[in-house]
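Since the structure comes first, as structure tokens, the remarks are kept for the end.
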């Protein structure tokens, strides 16, 4: 295998490189764009990478909701340069692991297949259903999968009708972004009118959803065969996060997925997906039902949880794409703690600042949160949670940036720097 890995600022790209390095005679990493952030792409600077190449950034049209089967000029520039890299480096596998790259490469599967290059993603029509939050909701409803109230934005009058039906807060969610980018939670008509113009300009008409108060997020990750068979399912509980509804955490614990498989099997079939995917849900405390938040049509950033257990999902997906037999993974150890110590210390600092700001706003400013059930725990509870993690007798699996730091120090240091910028982006939520 001669492997090209894209979107190397993402941690899943680094996990893919680590998982496939033993099977690859050469690993090439792309660096997309020209800015400082691109130059510091941590996975591209791993010692496991043989060569790096600069390619154009292909994500702007996708993020703006300009979706089309034909390539835009920016997307075509990306494809042309990737093709040149493949020819020069004799690449036979391209691995994308972030939504816009899955999208643009799925549009060009035929082009690369003719050149002997395998890309482990489904056909464009299948990918589009999974990446478009509006189409995903429609597919979920057709499969009987519970969803929050959701409508595609049409007009201010429609938004007012939805507010009358569901009440504020409302969630304004761009159709084609990931990680909550561009999303807004609006508490009243004034906030909605302030948030909408920027969303419409940058991302097109958003999905309008009812807000689920205090809901606990959950997810199940799958590897699906080309015949829709279940080859692997993985579930975990997040034990340390920034607020209960946070999209990222630093400590989690493996658990059995059995209770959730029947709930999701029909929905997975409805999507027609094969390869790696994840389904994120949120429990609605008003009725106790787990409802769909979104589908991740690629690996999550915590792919290392499974690769460090010896479950090589990237290799399974390459085998699926090549039409090779893939052995199902029927079990994995439960009750294992997945710990990211450096990230956890950074998060702990943010949690303490969050509590202090939250308390100050309530005591001195008289401010009220729109969802009291998501109030931050006090310093004592946070400290005890932090201490329990590291004092626990449970089996611990350390994240690869920490575990392999002395083998791959540049990649680890650049990732911790990047994670700190992610946390910096969360400061706007501090105290609210």
Across the range 385-400, the tally of residues that are more than 24 Å from the chain's Cα centre (by Cα) and either at pLDDT below 85 or closer than 17 Å to residue 11 by Cα (or both) stands at 2
Taking the range 149-164 and the residues there that are part of a helix (DSSP H, G or I) and touching a strand residue (DSSP E or B) at 6+ places or on another chain (Cβ under 8 Å), the one that is surrounded by the fewest Cβ atoms within 10 Å (Cβ to Cβ) would be 158
Selection from the range 201-213 of residues in contact (Cβ under 8 Å) with a residue 40 or more places away in the chain and either under 26 Å from residue 66 (Cα atoms) or under 21 Å from the mean Cα position of the chain (by Cα) (or both) yields 202, 203, 204, 205, 206, 207, 208, 209, 210, 211, 212
Selection from the range 8-26 of residues surrounded by 24 or more Cβ atoms within 10 Å (Cβ to Cβ) and within 25 Å of residue 87 (Cβ to Cβ) yields 8, 13, 16, 17
Of those in the range 167-200 that are closer than 20 Å to residue 280 by Cβ and more than 20 Å from the chain's Cα centre (by Cα), the residue surrounded by the most Cβ atoms within 10 Å (Cβ to Cβ) is 170
Scanning the range 32-44 for residues that are surrounded by fewer than 21 Cβ atoms within 10 Å (Cβ to Cβ) and either in contact with a helix residue (DSSP H, G or I) (Cβ under 7 Å, 6 or more places away or on another chain) or in a strand (DSSP E or B) (or both) gives 40
Going through (1) surrounded by fewer than 18 Cβ atoms within 10 Å (Cβ to Cβ); (2) touching a strand residue (DSSP E or B) at 6+ places or on another chain (Cβ under 6 Å); (3) under 29 Å from residue 2 (Cβ atoms) one by one, residue 324 fails only at (2)
| at negative phi, surrounded by fewer than 17 Cβ atoms within 10 Å (Cβ to Cβ) and in a loop (DSSP other than H, G, I, E, B): does that describe residue 146? | yes
Test for residue 93: is it in contact with a strand residue (DSSP E or B) (Cβ under 7 Å, 6 or more places away or on another chain), crowded, with 20+ Cβ neighbours inside 10 Å and either at pLDDT 95 or above or not assigned by TED's automatic domain parsing to the domain that holds residue 295 (or both): yes
TODO: Check the range 61-76 and report whether any residue there is outside any helix (DSSP H, G or I), within 29 Å of residue 129 (Cβ to Cβ) and touching a strand residue (DSSP E or B) at 6+ places or on another chain (Cβ under 9 Å).
DONE: no
Considering residues that are at pLDDT 75 or above and either outside the structural domain of residue 343 (by TED's automatic domain parsing) or in a loop (DSSP other than H, G, I, E, B) (or both), the number found within the range 401-432 is 5
| query | Do we have residue 356 as out of contact with any strand residue (DSSP E or B) (no Cβ under 9 Å at 6 or more places or on another chain), within 26 Å of residue 415 (Cα to Cα) and not in a loop (DSSP other than H, G, I, E, B) here? | reply | no
Verdict on residue 320 being in contact with a helix residue (DSSP H, G or I) (Cβ under 7 Å, 6 or more places away or on another chain), modelled with pLDDT of 95 or more and outside the structural domain of residue 105 (by TED's automatic domain parsing):
no
Counting only residues in the range 96-116 that are more than 17 Å from residue 7 (Cβ to Cβ) and in contact (Cβ under 8 Å) with a residue 24 or more places away in the chain, the one surrounded by the fewest Cβ atoms within 10 Å (Cβ to Cβ) is identified as 116
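The values are calculated or read from the model by the stated rules, or taken from the named source; none is laboratory data. What you see is a predicted model; the values in this text were computed from it and never measured. Counting neighbours? That spans all protein chains shown, and the Cβs are built from the backbone with ideal geometry, glycine included.
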